[in-house]
Amino acid sequence: MQSDITRKRSYHARTKNGCSVVCTVNYFCGSQTLTMSRLRKKACVALFLFTLFIFGTMMGLRTLKPSDGFSDLAPGMDLMPFVGERAERRQVANDVLASEGQSRFPSDTKVVFSNSGPEKSIFYDIHIFYYLWYGTPQMDGNYIHWDHVLVPHWDPKIAASHPKGKHTPPEDIASSFYPEIGPYSSRDPDVIEFHMSQIEAAAAGVVVLAWYPPGMADDHGEPSEDLVPAVMDAAHRHRIKVAFHIQPYKGRTDLSMHDNIKYIIDKYGNHGAFYRFKSNTGKVLPLFYIYDSYLTPPESWADLLTSSGAHSLRGTPYDGVFIGLIVEERHKHDILAGGFDGMYTYFASNGFSFGSSHQNWKAVKAFCDGNNLLFVPSAGPGYVDTAVRPWNNHNTRNRVNGRYYETSLQAALSVRPEVITITSFNEWHEGTQIERAVPKKTVTRLYLDYTPFNPDLYLEITRRWAEQFSKEKEQWLM
């Protein structure tokens, strides 16, 4: 028996001459029903797949905060270089590398900007955090920091579900990205020179050097204060200034900080690269960033940073501009009470803390303006520290081919600060570096990279926004 049931239906129609005719139409109920059912199923499947695609895309872009996305990008600033420009830059870079044979260091990074017209000025209101804690067997006797341990979570139950141990360079390093020149030593003068050339190409005028007192280091590093003169000499050759980012070394107090500031100014204050900040009042003073300043009570800072303090630096040859770190909202009041001159946000993970959340910057800036403090927002290209903190994936901020960085820079510009800091040039552990990185795949690792763009992508973005910052500042003054 046929599954299709044929039926007839008659319709009356009228011809042009007014005569009626009867039209008989055959149709197939069963075929029509089955066909419609199949179409509905296909439509449902297509809709489901489309929904999955949208959900996946939104998850990929989840880190693009604030919620206004990219619509606020500065006027005239393209999100990415044009395809033609990108191809030209890649060809220039390839030609340079080819001409250098086996050289580990590409030619001066400025070469990649040769199609951008005459080189423009460097900008001393763009400060970039820089780290000197890396080592290799060739220069230091062993790897330092590239072999960083996998930090366990403080909750034993969570820690049990994540890997332990440490990294094994050079193929397995403590970073989700891989440096263009491979794991390097901060003691290598060629490395320092190469870094300063990249920073100059990015138009960042001030290197903010992570600093520990002589003989001291972080828990995973070795002392590096003896490298400061080489950094300052290289910076000076590239028209770059150097400021100091004083780290929370063991035993840091307001009294030890007094000695630290005196040591730094006495030893480096006459160097041509030593950075001094000119305030609105016309004072020209050294500027210091104090990392994790909240670890010391505001009363103790007040002894150092207020004119009536027990061992005050104010009005002495060791006076300066002191910038504290704001992590929680209450820290802005502590910074004010402690006698600081301003606050910075450091962290490149938008939403990680009150201070690092772009949406709070306008309110923090208003607080600073009302209390005669500097607000120094920190912009970063992204954040991923799972190579050292494997349990911290929820704080990862995807780079999205530079868009996260541009969003962060725009958020910083929107509050009209005097200075913007960049986190960072080379903090590879936390994936905030703008230093040149390359694709790398090993038996056990697949590293992130900057493709489809060149290794200098984030240097280029930094320069464009530094130029834009300068232009907008001129308009603010008008």
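For the range 420-427, the condition holds for no residue, the condition being that it is out of contact with any Phe, Trp or Tyr (no Cβ under 7 Å at 6 or more places or on another chain) and aromatic (F, W, Y). Return a yes/no flag: does the range 152-165 have any residue that is surrounded by fewer than 18 Cβ atoms within 10 Å (Cβ to Cβ) and assigned to a strand (DSSP E or B). Checked against the condition, which is being surrounded by fewer than 18 Cβ atoms within 10 Å (Cβ to Cβ) and assigned to a strand (DSSP E or B), the range 152-165 yields no hits at all.
V419 meets all of the listed conditions (1) surrounded by 19 or more Cβ atoms within 10 Å (Cβ to Cβ); (2) more than 30 Å from R330 (Cβ to Cβ) but one, namely (2). Within the range 361-377, track down each residue that is surrounded by fewer than 17 Cβ atoms within 10 Å (Cβ to Cβ), in contact (Cβ under 8 Å) with a residue 12 or more places away in the chain and assigned to a helix (DSSP H, G or I). K362, the sole residue that qualifies.
Can you name every one of the strands (runs of 3 or more DSSP E) wholly within the range 201-296 that holds 2 or more residues which are touching a residue at least 40 places away in the same chain (Cβ under 8 Å), within 28 Å of L373 (Cα to Cα) and open to solvent by 10 Å² or more (accessible area, probe 1.4 Å)? Even if it seems obvious, please write down each step before you answer.
Values: elements: 204-211, 241-246, 276-278, 284-290.
So the answer is none; nothing clears 2.
Tell me, which residue of the range 235-265 that is out of contact with any Lys or Arg (no Cβ under 9 Å at 6 or more places or on another chain) and of a type in the set (K, R) is farthest from Y131 (Cα to Cα)? For the range 235-265, the residue satisfying everything is K262. Going through S186, S176, S224, S197 one at a time, which residue ends up being over 22 Å from the mean Cα position of the chain (by Cα) and among the polar types (S, T, N, Q)? Result: S224 is the single residue among S186, S176, S224, S197 that is over 22 Å from the mean Cα position of the chain (by Cα) and among the polar types (S, T, N, Q). Scanning the range 126-144 for residues that are under 21 Å from A235 (Cα atoms) and either assigned to a loop (DSSP other than H, G, I, E, B) or modelled with pLDDT under 95 (or both) yields Y131, L132, W133, Y134. The residue list G320, G309, G269 contains one member that is over 25 Å from Q410 (Cα atoms) and in contact with a strand residue (DSSP E or B) (Cβ under 6 Å, 6 or more places away or on another chain), which is G320.
Could you pull out the residue among G402, G431 that is small (G, A, S) and either part of a loop (DSSP other than H, G, I, E, B) or open to solvent by 30 Å² or more (accessible area, probe 1.4 Å) (or both)? Talk me through it step by step, then tell me what you get.
Numbers: G402 fails: either part of a loop (DSSP other than H, G, I, E, B) or open to solvent by 30 Å² or more (accessible area, probe 1.4 Å) (or both).
After applying the criteria, what remains is G431.
The values are calculated or read from the model by the stated rules, or taken from the named source; none is laboratory data. The structure displayed is predicted, hence computed values, not measured ones. Ideal geometry is used to build each Cβ from the backbone, glycine not excepted, and the neighbour counts take in all protein chains shown. Keep in mind that these areas ignore ligands, DNA and RNA; they rest on the heavy atoms of the full protein, side chains included. Shrake-Rupley method; radii C 1.70, N 1.55, O 1.52, S 1.80 Å.
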